Amino acid sequence: MGFFTTLSEIRKWLVLILLGLVLFFGYKYFTTPSRETTLENDTNLIQQQIKNVGKLVVTEGHFAEVLTYKDRKKTYIPGITFDKKALVVINADVTVGFDLSKVTYDIDAERKIVTITHIPKEEIKISPDIKYYNTESSTFNAFTGDDYNKIAKSAKESLAKKIENSTLKSNAQNRLLSELTKMLVVTNSMGWTLQYKGNVIQKETDLKL
């Protein structure tokens, strides 16, 4: 009897141990997220964080320009012309911006790599305030809308050259890079890698336009 009692006890313990193992692994199976679920969650979180970075980065500047506009209308009589001229003073507010919502990227969830595929070109907006002084014209060569259009076009072209030679664009690009490095912080904090133009971006200075 003692032998059978011991055997029965052993069987009971074996059944309890097996039941415990089944319950334990069953719990782990149903509560532990799968790798695919983890990757999906990470990908969604990465996308959300990158969208939060997207905004309009703008650098503002002020420029002034003084132009002398002249126009001469010749006649059939040598030495006789009808002239018009004006002193033109332009004060312009200029903004250079990057719309980060237009940045495109590719996510490789399996390898945990985010690749920036496109950074938009800067958007330059010139808002000139044009004033005319010392305007002189004649009856046969008066100022017309065409003259004012020419002056506005010339003013914008002159301002565009000034902007190109100023630090406004470089300052805007520096602000852009500063915003884009937030993507680097997000990806690094989650163990992902950020790439651009085939290069791995490990620090802010690695990201070049």
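Just so you know, all these numbers are worked out from the coordinates, no wet-lab data involved. Owing to the predicted nature of the structure, the values given are computational and were not obtained by experimental measurement. Note: ideal-geometry Cβ built from the backbone for every residue, glycine included; neighbour counts use all protein chains shown.
I'd like the trypsin sites (Lys or Arg not before Pro) in segment 60-140 restricted to DSSP loop residues with at most 10 other Cβ atoms within 10 Å, sorted by number.
Values: sites: K70, R72, K73, K74, K84, K85, K102, R111, K112, K121, K125, K131; in loops: R111, K112, K121.
Listed in order of number, the matching sites are R111, K121.
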Treating cross-link reach as a plain straight distance, find the lysines whose alpha-carbon is under 28 Å from the alpha-carbon of K84, omitting any fewer than eight places away in the same chain. K70, K73, K74, K131, K150, K153, K156, K161, K162
Pop out the ³J(HN,Hα) list for segment 162-176 in order, Karplus 6.51 cos²θ - 1.76 cosθ + 1.60 with θ = phi - 60°, rounded to Hz; leave Gly and Pro as x. 5, 4, 4, 8, 9, 8, 4, 5, 5, 5, 5, 5, 5, 5, 4
In sequence order, calculated HN-Hα J values of segment 155-161 (Karplus, 6.51, -1.76, 1.60; Hz; x Gly/Pro): 5, 5, 5, 5, 5, 4, 5
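List the relative contact order of segment 42-102 as a percent without decimals, with contacts defined as Cα pairs under 8 Å and 6+ residues apart. Show your work: numbers first, answer last.
On the way: 82 pairs, mean separation 27.3, N = 61.
Relative contact order for segment 42-102 comes out at 45 percent.
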Need one number: % antiparallel among DSSP beta bridges in segment 52-196, to the nearest 5. 90 percent
Please report the antiparallel percentage of DSSP beta bridges with both residues in segment 111-209, rounded to the nearest 5. 50 percent
Using +1 at the Cβ of each Lys and Arg and -1 at the Cβ of each Asp and Glu in segment 83-193, identify which of S101, A172, S137 lies farthest towards the dipole's positive end. A172
Would you mind computing Rg(Cα) / (2.2 N^0.38 Å) for segment 108-182, counting N as its residues? 1.93
Restricting to DSSP loop positions (anything but H, G, I, E, B) with no more than 13 other Cβ atoms inside 10 Å of their own Cβ, which chymotrypsin sites (Phe, Trp or Tyr not before Pro) remain in segment 75-130? Y76
Cβ-defined net charge surrounding L209, 11 Å radius [Lys, Arg +1; Asp, Glu -1]: +3
Sites matching chymotrypsin sites (Phe, Trp or Tyr not before Pro) across segment 126-167 that sit in DSSP coil, with at most 13 neighbouring C-beta atoms within 10 Å: F140
Any aspartates and glutamates with Cα under 16 Å of the K85 Cα? List them, leaving off those in the same chain fewer than 8 positions away. D71, E136, D146, D147
Sum of side-chain charges, R175 neighbourhood, beta-carbon under 14 Å (Lys, Arg +1; Asp, Glu -1): -3
